[in-house]
Structure formats: C-alpha cells, structure tokens
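In what follows, a single structure is set out as structure tokens and then discussed.
Laboratory data are not the source of any read-out in this text; all were calculated from the coordinates shown. Computed from a predicted model, the values in this text were never measured in an experiment. All Cβ positions, even for glycine, are placed from backbone atoms using ideal geometry, and neighbour counts span all protein chains on display.
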Amino acid sequence: MKSRAAVAWEAGKPLSIEEVDVQGPKAGEVLVRIVATGVCHTDAYTLSGDDPEGAFPVILGHEGGGIVEEVGEGVTSLKPGDHVIPLYTPECGECKFCRSGKTNLCQKIRVTQGKGVMPDGTSRFSLGGKPLLHYMGTSTFSEYTVLPEISLAKINKDAPLEKVCLLGCGITTGIGAVLNTAKVEPGSTVAVFGMGGIGLSVVQGAVMAKASRIVVVDTNPSKFEMAKMLGATDCINPRDYPGTPIQQVIVDLTDGGVDYSFECIGNVDVMRAALECCHKGWGESIIIGVAGAGQEIRTRPFQLVTGRVWRGSAFGGVKGRSQLPGYVDRYMGGEIKIDPMITYTMGLEDINRAFDLMHEGKAIRSVILY
Ligand code: NAD
Ligand code: AHE
Ligand code: ZN
Ligand code: ZN
C-alpha cells in the first residue's frame, strides 16, 4: 500500500514528504495506522548524524498513537481496530531480560531494531523499489507503519490518541525515571537538568512521588513558567552564576546537595554537574539524556567512593505491554498531565517546522496529526 511519510534521506538535511510503499505485515507483525506522533529530541539527535546507530535513508519517529489496520499470521494479542502505542522498548515476556524482573530492556529484537530492519532482517518500507530503513522499531513519521506484535501496547479506546501518543516516549520516560529507576521517596529533594518534554515530566513524576523540593535548571528561562506550573520549587539559569559551577550553586541551596538528580539534556558536562550536585553519602543521579557518538562521562572517582550513585534510565524503566496501558489510564483519570506539554499541533507537511521549534526552544512538544 501507499503511505505518506517524512523520509530522512541523509543526516543533517530536512525531512522530505514522500508517498512511500509499505508492504503488509509478515508473520508476527502488525500494520498500524498512525493517528498522531510527537517529535522527541532523540529524533533530532539521529537526524543530526550524532547517533552511532543512525543509518539513512530512514523513516524516523517513535512517539506515536495509532489503530491496528491488519495483523500478520500468528498474531493473537491484537486485532484490527485496537488502539495501540508503538514501543521502541518491546516486551516479549520470555527473553532473559524480560524474565529477570530487573529491567525493561527486552532484547528479543534489539539487534535487528538497531539496524533499522524487522526481525526477519528486511524492511517493509520502500520508495521506487529501494528499501527505506525503520527507526527504533516504530517509524511513526509514516501514516502506515509495520511493527512486531511485541512492540505494541494495547490501550483504552477512549483515550485521545493525539494526546496519549506522548506516552510513547517523553512523558513516560520522565515519570518512570522518578518512580521506577530512582524510586524517589516522599520528602526527597530533587534537581532536574533540562526543561524539555523529558525534564518537565521528571518534575511531574517528582510531584507524584511527593518530593519536598524540586530544583530545575535550564539555560532557557522561558521554560520556567511551565516548570513552576508543574511543581518546580526553584528555577536556576546557570548563566546567572558566571564563574560558579552549577553543582556548587545547588549544593549551597540544598544544605549539601540533593537526594536525586536527573540529566535530561544529553550533555556530558551537565551529566557530571548532575552527579556532583548530589548529597554525599547517598545522592543518586539518573542519566536520561542521550549523548552523541564519541562522548564520554567523567568525574573524580572520589564522588562515587563517597556514596554518590550514577545510574541511567531508558523509557523510564517501564515495561511497555504490561505497564504502559496503566499510564494511559492514569492520564484518563487526571493523575498524569499531557495537554500542557503540547505546544503545537501540525500536519505532516509541516514536520520540519516542529524540528525548528524544538531547536529554537519554543516547543515542549509538537504533535503531528495525520
Ligand atoms: P528538548 O530539546 O525538548 O529539551 C532539552 C532542554 O535542555 C531544553 O529546554 C534546553 O533549553 C535545555 N538545555 C540545553 N542545554 C542545556 C544546558 N547546558 N544547561 C541547562 N539546560 C540546557 O529535549 P527532550 O525531548 O526533553 O529530550 C531530552 C534528552 O532526553 C535528549 O537527549 C533525548 O535524546 C533524551 N531522551 C532519552 C530517553 C531515554 O529513554 N533515556 C527518552 C527520551 C528522550
Ligand atoms: N542509538 C543510540 C542510543 C539511543 C538511546 O539511548 N535511546 C534510548 C531511548 S531515547 C528515546 O527518545 C534507549 O531506549 N536506549 C536503550 C536502547 O536499547 O537503545 C546509541 O548511542 O547507539
Ligand atoms: Zn524519545
Ligand atoms: Zn524480552
């Protein structure tokens, strides 16, 4: 079939709207009509050429909501008409990682997913007979996309897909990092670096966890109004403290450092600051931001010897098939806020504007409506 899609032909170039060919689902696969998709910084990161796994031409997008159109042979858990959120972190339930009970990082199809192909090693997308790659197993910048059954969470049909699509990455990642990865306790102090869709969702998670103080850091002060609205107690622009490392500013502000910090930018220098603003003896820092190829983190080992802990979180530690439907229900029940995070909605033809607005710091999230 034909599908409208935004194709990334090469790194660093705008996406190009094309009518691509989409092959039907093979065994264990599902064809989904994407109704809406968010644009996450990770899409921009891969498009920039900084992603060591980035390969082109590719159909990006991983923050979608859609409706099952057709299922392949052997698919039993989904049927046409089901509402779904694509999962870049699948849940097979049977691999070593799924069975461990210690991680959400299912590895059943990770190798082929990272190469931009379906589990059988081929692509369902092509244009003029030439294959186009899948991205993160989701490719939500195509109106029709094919995914493995294990990469789809079935959700409540009453949930508006143009809102809950953001649970496909940003909002779940931020809230989950607080509740599942850090396991922030009531009364804790928290610092959050970067007030994009991820950092603001960490703020939301910290409020849910009943943190007593939520210090947020961003070099763009226009982000602070939304942060305060969501529950931030202190807003810091590092540019207001020339000559003083930002970790020192936070340590001074919080009587020796915070209990938990979260890096939501992808900047390895900020990752260091986020670790070093943690309290001696017990402070934990969670890396969420994705850093470019060749980048490495640094600190004095003494920081760890004296009790600080460095950790990381992918998709907020959430197991997509079994736990994401509960996040949708918590949105429907008013516990999780999504609507204020949607700064712009636009058609697929304007998707490059969504990237521009992100880079200009003017959008928390832009949602593309097909
Ligand atoms: P975004 O671009 O919307 O937000 C980033 C924010 O960081 C902006 O507000 C920007 O002003 C601020 N910032 C940039 N440099 C700064 C600095 N030096 N000091 C302070 N603030 C600074 O991005 P996003 O969509 O919220 O994504 C954030 C990061 O999280 C990205 O690296 C993305 O790839 C990553 N991410 C990771 C996961 C995961 O599962 N680990 C999931 C989603 C996104
Ligand atoms: N491809 C990059 C890594 C990118 C990365 O870390 N992705 C996160 C999700 S970001 C969503 O916006 C993730 O889930 N990582 C776990 C995984 O298995 O990819 C690289 O450095 O190669
Ligand atoms: Zn993302
Ligand atoms: Zn698995």
Longest site-free stretch - the chain; sites: trypsin sites (Lys or Arg not before Pro), DSSP loop, at most 10 other Cβ within 10 Å: 158-297
Two-site FRET efficiency, Asp339 against Lys130, from Cβ-Cβ distance with R₀ of 45 Å, rounded to 0.05: 0.65
Reachable lysines, given that their alpha-carbon falls under 22 Å from the alpha-carbon of Lys362 and they are not under 8 places away in the same chain: Lys13, Lys163, Lys223, Lys228, Lys337
The chain shape via C-alpha gyration tensor axes, a/c threshold 1.5: prolate
For the stretch 332-341, Karplus couplings with θ = phi - 60° (6.51, -1.76, 1.60), whole Hz, Gly/Pro x: 4, x, x, 7, 10, 9, 10, 3, x, 7
Which of Trp9, Gly205, Gly187, positive extreme of dipole for the chain (C-beta unit charges): Gly187
Low-density loop cleavage sites - GluC sites (Glu not before Pro) in the stretch 319-370, where at most 12 other Cβ are within 10 Å (DSSP): Glu335, Glu360
Cα-based reach from Lys130 at 16 Å (exclusive), listing aspartates and glutamates while leaving out same-chain residues under 8 positions away: Glu10, Glu18, Glu19, Asp21
Built amide H within the under 5 Å cut-off of Ile342, gap 5+: none
Approximate spin-label separation Gln107-Gln295, in nm, with each point projected 7 Å along Cα-to-Cβ: 2.5
Integer Hz, Karplus 6.51/-1.76/1.60 couplings in order for the stretch 245-254, x for Gly and Pro: x, 4, 5, 5, 4, 6, 4, 5, 6, 10
FRET efficiency, Asp255 to Ser222 (Cβ-Cβ, R0 41 Å, nearest 0.05): 0.90
Estimated distance in nm for a label pair at Ser212 and Arg99, the labels positioned 7 Å out from Cα along Cα-to-Cβ: 4.4
Note, ³J(HN,Hα) from phi for the stretch 185-194, Karplus 6.51, -1.76, 1.60, rounded to Hz, x at Gly and Pro: 8, x, x, 5, 9, 9, 10, 10, 9, x
Restraint check, Lys26/Lys157; Lys183/Lys319; Lys108/Lys183, Cα-Cα greater than 20 Å: Lys26/Lys157; Lys108/Lys183
FRET efficiency, Leu304 to Asn352 (Cβ-Cβ, R0 45 Å, nearest 0.05): 0.60
Degrees between helix 197-208 axis and first principal axis of the chain (Cα, 0 to 90, nearest 10): 60
